[in-house]
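Colleague: One structure follows; several queries about it will come next.
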Amino acid sequence: MFHKGMYIIWPDELYIDQAVKAGIDTLLVNLNDGTPRSETERLCRKYHDQGVTVVPTVALVQPNYALEDDEQFFDGTNRIPHYYCPTSSERIDKLLSVPLHLCKSWAANAVGIDDEDYVPGMKYHENYTQYPCQCQRCKTLSVDQQRSMHADMIRQALGEIPLYHMPHINPYIWRIGSVWCNEHTYEKWGAYDRVLKNTRKMKKKTISTRNISGVWAEKFSAHRYLDRLKSIVTSPATDGYWIYSHMRFSRNSLWRTHPETPEAIETLKSLPYQSLIDEEMPAFFEELRALNRRVDKYRSGAWFWILDKLYGFFK
Ligand SMILES: [Zn+2]
C-alpha cells in the first residue's frame, strides 16, 4: 500500500476534510500543539470513523513541562528537565498514555513518536543519545544497553499497535517501528542520499520498515509542491509521502494567529511560502485528488517494476 499522509499541527478541519476527500489516508496528529485533549479525541475519532489511519504523535523530548525528577536524564552533574532517562518506565507510561487510550478506544490505529525536540535553546536529541544517563538506575549500563532497553520498553507498552516514527537522527528505535516518516526529504529529493541510504542501514540491521517521505509545504510554491509529491508517487524508492506543514493547511497555525511572538518571527523568516495553499492555488485539492487517483497507474508497468527490483537491493 502506498501511504498518503499528512501531519496535523494546529488542526483546521476545513483543510483536513479537503485533504481526506483528495485521498489523504493517514493523519499524524501532533499531541503537543496545545489543542485540548477532548478536542483531539473528537478529531481523531471523526477521521478514524471515516476509515482514515489516525496516528496520534508524541515527542520524546517534552517541550511544555519539566519531567518528574526520577524521569529526567542525569548527565553526571545536572538533571535535564525536558529530557528523559531512557530506562524510566514511568516516563514511557506517561508519554504513551494518551495515544494508547485513543487506540484502545477505537479513535486511532497507531502511535507516532517524534524524536526531534522543540525546547528553545536545547540541543538536538542526538547530543544526548550519544551519552549514557548516569542516574541510579542507569549508571551501570552502557549507552547501547540503555537505548536498547528504552526501545524494548516502548515496544512492550505498545503491544501489537504499530509505531510510526520520525527519527531526526540517531534512530535507535528503528527496529521497533512499522513506518518510518522520513524527514530527510523535507526540501531535497534524492532517491539514494535522502531515502535509500537510510533504508540500507535498516536492512543491514535486518530491520524492515516502510519508508514514507515528508515534504515541507512552506518551502515550495503550490505548483512545485505538487510536482514534488508526484516525484515521490512515481518513485519505487519510497512507500508513500506525508505532507509536513505549519501554516499552508491551517488557519489556526500559531504562526498565523500569533505572528508577533518571538518564536513565530524567527520561524516565519525561514518559510518562503506562507499563504494558505488554496489561496495561492484554488485548484490545489482537485490536483491532489487527481494525483492520488493515479498512484496505482504510476506505480505499475514494466519500467516501475524494473526500478523497484533495482531499488529492492538497497531497501
Ligand atoms: Zn537514567
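Each reported figure results from applying straightforward, stated rules to the coordinates on display, with no laboratory input. Quick caveat, the model's predicted, so the values are computed rather than measured. Cβ: placed from backbone, ideal geometry, glycine included. Neighbour counts: every protein chain shown.
Colleague: Is there a quick way to get the dipole size of region 190-265? I mean about its Cα centre, with the Cβ of Lys and Arg at +1 and of Asp and Glu at -1; what is the value in debye to the nearest 20? List each step's numbers first, then the result.
Modeller: Numbers: 15 positive and 6 negative charges, 104 e Å.
Taking the Cα centre of region 190-265 as origin, the dipole is about 500 debye.
Colleague: Bin width 10 Å, origin at 0, all Cα-Cα pairs of the chain: what percent of pairs per bin?
Modeller: Cα pair-distance distribution for the chain, in percent: 6, 26, 34, 25, 8, 1, 0.
Colleague: Could I ask something else about it? For region 196-242, what's the relative contact order in percent, using C-alpha pairs closer than 8 Å and at least 6 residues apart? Could you put the intermediate results ahead of the total?
Modeller: Working: 35 pairs, mean separation 20.4, N = 47.
After rounding, I find 43 percent.
Colleague: If you don't mind, there's one more thing I want to ask. Using the charge dipole of region 18-162 (Lys, Arg: +1 at Cβ; Asp, Glu: -1 at Cβ; taken about the Cα centre), state which of Pro56, Ser97, Ala107 has its Cα farthest towards the positive end.
Modeller: Value computed over the given set: Ala107.
Colleague: R0 = 30 Å: FRET efficiency of Met1 with Arg42, Cβ-based, nearest 0.05? Mind showing how you got there, number by number?
Modeller: Details: r = 27 Å, r/R0 = 0.90.
With R0 = 30 Å, the Cβ-Cβ based efficiency is 0.65.
Colleague: Let me ask something else about it. Which whole-Hz ³J(HN,Hα) couplings does region 93-109 yield from phi under the Karplus relation 6.51 cos²θ - 1.76 cosθ + 1.60, θ = phi - 60°, glycine and proline marked x?
Modeller: Result, rounded to whole Hz: 4, 5, 4, 9, 4, 5, x, 5, 4, 5, 5, 6, 9, 6, 10, 8, 10.
Colleague: Roughly how big is the chain's charge dipole about its Cα centre, with Cβ charges of +1 (Lys, Arg) and -1 (Asp, Glu), in debye to the nearest 20? Write out the running numbers ahead of the final one.
Modeller: On the way: 40 positive and 39 negative charges, 288 e Å.
About 1380 debye.
Colleague: Taking Cα pairs under 8 Å and at least six residues apart, what relative contact order does the chain come out at, in percent?
Modeller: On the way: 551 pairs, mean separation 56.4, N = 315.
Value for the chain: 18 percent.
Colleague: Further question: Rounded to the nearest 0.05, what FRET efficiency do Asn252 and Ser105 have when you use their Cβ-Cβ distance and R0 = 25 Å?
Modeller: On the way: r = 25 Å, r/R0 = 0.99.
It comes out at approximately 0.50.
Colleague: Something else about it: Relative to the compact globular guide of 2.2 N^0.38 Å, what is the alpha carbon radius of gyration of region 187-315, as a ratio?
Modeller: Numbers: Rg = 17.2 Å, N = 129, 2.2 N^0.38 = 13.9 Å.
That ratio works out to 1.23.
Colleague: Now for a separate question. Just name one of Leu276, Gly159, Leu67: the one whose Cα is farthest towards the positive end of the charge dipole of the chain (beta-carbon charges, Lys/Arg +1, Asp/Glu -1).
Modeller: Of the listed residues, the answer is Gly159.
Colleague: Right, next: Can you work out the Karplus-derived ³J(HN,Hα) for every residue in region 260-266? Use 6.51 cos²θ - 1.76 cosθ + 1.60 with θ = phi - 60°, whole Hz, and x for glycine or proline.
Modeller: These are the phi-based 3J(HN,Hα) values: 7, 6, x, 5, 5, 4, 5 Hz.
Colleague: With angles folded into 0 to 90 degrees, how steeply does helix 222-233 sit against the dominant principal axis of the chain? Use alpha carbons for both and round to 10.
Modeller: Helix 222-233 sits at roughly 80 degrees to that axis.
Colleague: Hey, can you grab everything whose amide H is under 5 Å from the amide H of Asn211? Only 5+ residues off in sequence or another chain; H modelled, so Pro and N-termini drop out.
Modeller: Sorted by chain and number, the residues that satisfy this are Trp180, Asp239.
Colleague: Determine ³J(HN,Hα), in whole Hz, for all residues of region 60-71 in sequence, where each value follows from phi through the Karplus function 6.51 cos²θ - 1.76 cosθ + 1.60 and θ = phi - 60°; x replaces Gly and Pro.
Modeller: With coefficients 6.51, -1.76 and 1.60, one gets 5, 8, 8, x, 9, 7, 6, 6, 4, 3, 5, 9 Hz.
Colleague: For region 188-315, with only Lys/Arg (+1) and Asp/Glu (-1) charged at the beta-carbon, what is the dipole magnitude about the Cα centre, in debye rounded to 20?
Modeller: Details: 24 positive and 14 negative charges, 202 e Å.
It works out to roughly 980 debye.
Colleague: Just to be sure I understand: of the beta bridges DSSP finds with both ends in the chain, what percent are antiparallel, rounded to 5?
Modeller: Just about 10 percent of them are antiparallel.
Colleague: Using Cα pairs under 8 angstrom and six or more residues apart, how large is the relative contact order of region 29-119, in percent?
Modeller: 38
Colleague: Any chance you could run the full-extension gain for Tyr65 through Ile265? It's 0.36 nm times the residue separation minus the Cα-Cα distance, nm to one decimal.
Modeller: 69.7 nm
Colleague: What distance in nm separates the simple spin-label points at Tyr298 and Glu116, each placed 7 Å from Cα in the Cβ direction?
Modeller: With each label placed 7 Å out from Cα toward Cβ, I get 2.3 nm.
Colleague: Round to a whole angstrom and tell me the spacing of the C-alpha centers of region 66-84 and region 30-50.
Modeller: Value for the Cα centre distance between the two parts: 29 Å.
Colleague: Find the centroid of the Cα atoms in region 215-284 and in region 132-193, then give the distance between the two in whole Å.
Modeller: 26
Colleague: Out of Pro81, Ile8, Cys181, whose Cα points farthest toward the positive end of the dipole of the chain (charges: +1 Lys, Arg; -1 Asp, Glu; placed on Cβ)?
Modeller: Most positive-ward Cα: Cys181.
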